[in-house]
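The values are calculated or read from the model by the stated rules, or taken from the named source; none is laboratory data. None of these values were measured; they are calculated from a predicted model. Positions of Cβ are generated from backbone atoms using ideal geometry, with glycine treated the same way; all protein chains shown enter the neighbour counts.
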Amino acid sequence: MNSFALIIGHCVVIPPSAKAALLILNLTFGIGNAADPAFFNNMEADIAQQYVLAGKTPKEAGEEITWLNGCFLSYKSVK
């Protein structure tokens, strides 16, 4: 087995790498400097880069980030 899933709200995410999984968990649970908007922008760019390294196009990586943001919103509404 080369992958695992994260459950965020009502979504199941299969991150493209271990680094992406850690970034997604950090972004989802608000670990880090949440007061700085650049923190989130940089993290999203890092996650997108992991999708590109896993073989997706930059456009597909951007679509994954948009989808993940929807998952983050669903997680916040479940709390």
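Key figures for this structure:
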{"read-out": "Test: residue in segment 43-65 that is modelled with pLDDT under 80, surrounded by 11 or more Cβ atoms within 10 Å (Cβ to Cβ) and more than 11 Å from the chain's Cα centre (by Cα)", "value": "no"}
{"read-out": "Residue count, segment 14-41 (criterion: in contact with an Asp or Glu (Cβ under 9 Å, 6 or more places away or on another chain) and either of a type in the set (Asp, Glu) or modelled with pLDDT of 80 or more (or both))", "value": "4"}
{"read-out": "Residue selected from segment 1-13 under the condition within 14 Å of Leu68 (Cα to Cα) and exposed (fewer than 15 other Cβ atoms within 10 Å of the Cβ), by the criterion modelled with the lowest pLDDT", "value": "His10"}
